[in-house]
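K.L.:
Below is one structure. I have some questions about it.
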Amino acid sequence: MLNVSELTYLHENGKGVSNINFELKKGDHLALIGESGCGKSTLIKSLYGLFDLDKGSIKWRTEKILGPAYNLVPGYKKFKHLSQEFDLMPFTTSEENIQKFLSRETPEENQRRSDELIALFDLDEVKHQKLKILSGGQKQRVAIAQALANPPELILLDEPFSHIDQFLKHRLRRRLFQFLKKEEITCIFATHDADDVLPFSDFTMVLKEGKALDFRTTQQVYNRPKNEYCASLFGDVNVLDTYEFNLDLVDERVVIFPHEIRVVTTQKYQGKVLSSYFKGSHYLIEIDFNSKSIFAISTENFKINDKVNFDFDRDRIKNRLN
Ligand SMILES: Nc1ncnc2c1ncn2[C@@H]1O[C@H](COP(=O)(O)OP(=O)(O)OP(=O)(O)O)[C@@H](O)[C@H]1O
């Protein structure tokens, strides 16, 4: 359905994205991840048709997505793009904003659709309030609802939850992605949050300095990270020499997640605690081992300079890498 080939777009200062290739099918969800400035927004805007590409092509079904040089109103009509600065009408109500792009010919259907979205995004209390007095998070929810009111074939979301507090975020995120799957809307979203990526994206693209370092299923990207940069986008990781820890793996150096290293009571590898971070269900312990930092998981807290023994969950590591 979506076919992106050699997509290259550089801003005047030479920064942007280059040689991006991927394909998606109807209803697929793709997460774009990478450090700040790696090109996520530039790629999203290019896909929507806001830039004239330097090279490459974007095709949706059989149609080519072209930039502003070819369109009076930039942006492909079957897509919706939700930028980091949402474009809403400040002096009309949330409900009116949500209904803005709906056809006037079907008022009952419009009302049903906007009621459904208002309920989905917990906007009941503010539906009759003018946009200008809403909080950033409320505006962001109105913007998402507006983008979905007239369902697009593909939605491009740039940091869709950046203004929404943790309390609401988990629920809204589940509801949004379930809704998109139910309606088979293809979705590409940029995020900094690993919790957005793992449960909700079928595919993940890792970007660095405008290039795609990885594009595979999200499970593959997580389980077999291409390098430390790709792995570290999901949290703290260890990159260890396999021979030093007798890990019996093909690669000489391997990414090991903290939850694959356990603090144990039996003497195994012994190190000194550098720090301990309370994570709710566990502690993340940073251990100094032969002058190297190792992150491990513990159910018990430790004091700085305590001696600890740790070992690897070798079966779990092998299963992940298989
Ligand atoms: N309009 C512009 N003119 C010139 N350079 C730009 C423009 N927009 C972005 N850039 C540059 O292009 C690169 C990619 O920026 P982009 O906004 O796409 O990154 P990003 O991954 O979305 O970043 P963030 O996560 O911080 O939003 C950066 O170096 C940025 O400074």
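The values are calculated or read from the model by the stated rules, or taken from the named source; none is laboratory data. Small disclaimer: the values here were computed from a predicted structure and weren't measured. With ideal geometry, Cβ positions are generated from the backbone for all residues, glycine too; neighbour counts draw on all protein chains shown.
K.L.:
Just one of the numbered conditions (1) modelled with pLDDT of 95 or more; (2) within 26 Å of the chain's Cα centre (by Cα) is not true of PRO74; which one?
P.N.:
PRO74 satisfies all of (1) modelled with pLDDT of 95 or more; (2) within 26 Å of the chain's Cα centre (by Cα) except (1).
K.L.:
Just the residues that are among the aromatic types (Phe, Trp, Tyr) and either in contact (Cβ under 8 Å) with a residue 12 or more places away in the chain or within 16 Å of the ligand (Cβ to nearest atom) (or both), please, taken from the range 146-185. Write out each step before concluding.
P.N.:
Keep residues of the range 146-185 that are among the aromatic types (Phe, Trp, Tyr), which gives 161, 167, 177, 179.
PHE161, PHE177, PHE179 - these are the residues of the range 146-185 that are among the aromatic types (Phe, Trp, Tyr) and either in contact (Cβ under 8 Å) with a residue 12 or more places away in the chain or within 16 Å of the ligand (Cβ to nearest atom) (or both).
K.L.:
Moving on to the next point. Can you tell me which residues in the range 30-55 are within 13 Å of the ligand (Cβ to nearest atom), in a strand (DSSP E or B) and not β-branched (Val, Ile, Thr)?
P.N.:
Across the range 30-55, the qualifying residues are ALA31, LEU32.
K.L.:
Another question, if that's okay. I'd like to verify a number: residues in the range 250-275 that are surrounded by fewer than 17 Cβ atoms within 10 Å (Cβ to Cβ) and either more than 29 Å from the chain's Cα centre (by Cα) or touching a residue at least 12 places away in the same chain (Cβ under 8 Å) (or both), how many?
P.N.:
If we filter the range 250-275 for residues that are surrounded by fewer than 17 Cβ atoms within 10 Å (Cβ to Cβ), which is where we start, we get 250-253, 259, 264-268, 270, 272, 274-275.
Those still in the list that are either more than 29 Å from the chain's Cα centre (by Cα) or touching a residue at least 12 places away in the same chain (Cβ under 8 Å) (or both) too: 250, 252-253, 259, 264-268, 270, 272, 274-275.
Matching residues across the range 250-275 total 13.
K.L.:
So, ASP306, is that one under 30 Å from GLN219 (Cβ atoms) and acidic (Asp, Glu) or not? If you could, list the steps in order and put the result at the bottom.
P.N.:
Numbers: under 30 Å from GLN219 (Cβ atoms): no; acidic (Asp, Glu): yes.
No; evaluated as a whole, the condition is false for this residue.
K.L.:
Only one residue in GLY34, GLY14, GLY27 is surrounded by fewer than 20 Cβ atoms within 10 Å (Cβ to Cβ), within 17 Å of the chain's Cα centre (by Cα) and at positive phi. Which one? Break it down stepwise before answering.
P.N.:
Details: GLY34 fails: surrounded by fewer than 20 Cβ atoms within 10 Å (Cβ to Cβ); GLY14 fails: within 17 Å of the chain's Cα centre (by Cα).
Within the list GLY34, GLY14, GLY27, the selection yields GLY27.
K.L.:
Can ALA119 be described as crowded, with 20+ Cβ neighbours inside 10 Å and either modelled with pLDDT of 90 or more or under 29 Å from LEU32 (Cβ atoms) (or both)? Let's see the steps before the verdict.
P.N.:
Working: crowded, with 20+ Cβ neighbours inside 10 Å: no; either modelled with pLDDT of 90 or more or under 29 Å from LEU32 (Cβ atoms) (or both): yes.
Criteria not met by ALA119.
K.L.:
Kindly establish whether ARG262 is farther than 30 Å from ASP122 by Cα, more than 16 Å from the ligand (Cβ to nearest atom) and basic (Lys, Arg). It would help to see each step written out before you state the result.
P.N.:
On the way: farther than 30 Å from ASP122 by Cα: yes; more than 16 Å from the ligand (Cβ to nearest atom): yes; basic (Lys, Arg): yes.
Answer is yes for this residue.
K.L.:
To continue, here is another question. Filter the range 61-95 down to the residues that are farther than 30 Å from VAL126 by Cβ and surrounded by 13 or more Cβ atoms within 10 Å (Cβ to Cβ) and list them by number.
P.N.:
Applying the first criterion (farther than 30 Å from VAL126 by Cβ) to the range 61-95 yields 61-72, 74, 76.
Within the range 61-95, ILE65, LEU66, GLY67, PRO68, ASN71, PRO74, TYR76 meet the criteria.
K.L.:
Criterion first (more than 14 Å from the ligand (Cβ to nearest atom), charged (D, E, K, R) and under 18 Å from PHE215 (Cα atoms)) does GLU23 satisfy it?
P.N.:
Values: more than 14 Å from the ligand (Cβ to nearest atom): yes; charged (D, E, K, R): yes; under 18 Å from PHE215 (Cα atoms): yes.
Taking the combined requirement at face value, the residue satisfies it.
K.L.:
Run down ILE20, ILE58, ILE98 and say which single residue is crowded, with 20+ Cβ neighbours inside 10 Å, more than 22 Å from the chain's Cα centre (by Cα) and either in a loop (DSSP other than H, G, I, E, B) or in contact (Cβ under 8 Å) with a residue 12 or more places away in the chain (or both).
P.N.:
Numbers: ILE20 fails: more than 22 Å from the chain's Cα centre (by Cα); ILE58 fails: more than 22 Å from the chain's Cα centre (by Cα).
The match here is ILE98.
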